[in-house]
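Structure first, commentary second.
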Amino acid sequence: MKKVRGFEIANGFEDKDIHIPVRKTAHSAGYDIEAAEDTTIPVFKPGMKPTLVPTGLKAYCMDDECFFLLNRSSGPKKGLVLANGIGLVDSDYYNNPDNDGHFMFAYYNSSDHDIEIKKGEAIGQLVFTKYLVVDNDSAVGERKGGFGSTDK
């Protein structure tokens, strides 16, 4: 059977009781993603880097597809803000040599107290989608690494 799109446990998380994401209803666009471990997200201070919340997952999709990492609707109510607004992950991120394609959620905390994320807590959603390219597209580069590697 040819793999089209789906989820796998990322290297290093095989024995961590990671749950493969599911959609909650027949018409849900997003797959609910859980935290792979307890994580504390400190209150934001200017100049600080976002906190990466591990998922223990990697996702695969077709060459003309990608996926978005999205905040849950309850996230901003708690003070959770995705550092990049929306995470866009390309199909060639899967199995990359730097991190096996393990995707994480990058959060800032805009509340007045540290936010504790517990293992197994829903932290975001993932939506697969197709994308289009322009006439005479000439992209030929190959991914050489993981997070943030396409501009290197």
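The values are calculated or read from the model by the stated rules, or taken from the named source; none is laboratory data. Fair warning: this is a prediction, and the values are worked out from it, not measured in the lab. Every residue, glycine among them, receives a Cβ derived from its backbone with ideal geometry; neighbour counts consider all protein chains shown.
Can you work out which of the residues in segment 1-28 that are aliphatic (A, V, I, L, M) and either modelled with pLDDT under 95 or exposed (fewer than 13 other Cβ atoms within 10 Å of the Cβ) (or both) is nearest to ASP92 (Cα to Cα)? Across segment 1-28, the extreme among qualifying residues is VAL4. If you go through segment 2-11 and keep only what is over 11 Å from ALA36 (Cα atoms) and of a type outside the set (Asp, Glu), you end up with LYS2, LYS3, VAL4, ARG5, GLY6, PHE7, ASN11. Inspect all residues belonging to segment 66-86 and state whether any of them is touching a helix residue (DSSP H, G or I) at 6+ places or on another chain (Cβ under 7 Å), of a type outside the set (Lys, Arg) and touching a residue at least 60 places away in the same chain (Cβ under 8 Å). Looking for residues that are touching a helix residue (DSSP H, G or I) at 6+ places or on another chain (Cβ under 7 Å), of a type outside the set (Lys, Arg) and touching a residue at least 60 places away in the same chain (Cβ under 8 Å), one finds at least one in segment 66-86, hence yes. Taking (1) more than 11 Å from the chain's Cα centre (by Cα); (2) part of a loop (DSSP other than H, G, I, E, B); (3) surrounded by 13 or more Cβ atoms within 10 Å (Cβ to Cβ) in turn, GLY101 satisfies each apart from (1). Summed over segment 22-56, the residues that are part of a loop (DSSP other than H, G, I, E, B) and touching an Asp or Glu at 6+ places or on another chain (Cβ under 6 Å) give a count of 2.
List the residue pairs whose Cβ atoms are under 8 Å apart, where the first residue sits in segment 99-117 and is within 15 Å of LEU52 (Cβ to Cβ) and modelled with pLDDT of 95 or more, the second is of a type in the set (Asp, Glu) and not in a strand (DSSP E or B), and the two are 6 or more positions apart or on different chains. Every condition considered, the pairs that remain are ILE117/ASP38.
Out of TYR93, TYR107, one residue alone is surrounded by 13 or more Cβ atoms within 10 Å (Cβ to Cβ), under 24 Å from GLU14 (Cβ atoms) and not small (Gly, Ala, Ser). It is TYR93. Condition (residue is under 23 Å from LYS130 (Cβ atoms), crowded, with 16+ Cβ neighbours inside 10 Å and of a type outside the set (A, V, I, L, M)) applied to segment 31-51: is it met by at least one residue? Checked against the condition, which is being under 23 Å from LYS130 (Cβ atoms), crowded, with 16+ Cβ neighbours inside 10 Å and of a type outside the set (A, V, I, L, M), segment 31-51 yields at least one hit.
Condition check: polar (S, T, N, Q), at pLDDT below 95 and farther than 19 Å from ILE9 by Cβ. Does SER149 satisfy that?
Details: polar (S, T, N, Q): yes; at pLDDT below 95: yes; farther than 19 Å from ILE9 by Cβ: yes.
When the stated conditions are applied, SER149 passes them.
Annotation: of all residues in segment 118-146 being at pLDDT below 95 and surrounded by 15 or more Cβ atoms within 10 Å (Cβ to Cβ), the one that is farthest from PHE7 (Cα to Cα) is ARG143.
The number of residues in segment 116-135 that are aliphatic (A, V, I, L, M) and either in a loop (DSSP other than H, G, I, E, B) or out of contact with any strand residue (DSSP E or B) (no Cβ under 8 Å at 6 or more places or on another chain) (or both) comes to 3. When residues in segment 64-90 are screened for being more than 18 Å from GLU8 (Cα to Cα), in a strand (DSSP E or B) and out of contact with any Phe, Trp or Tyr (no Cβ under 8 Å at 6 or more places or on another chain), 1 of them pass.
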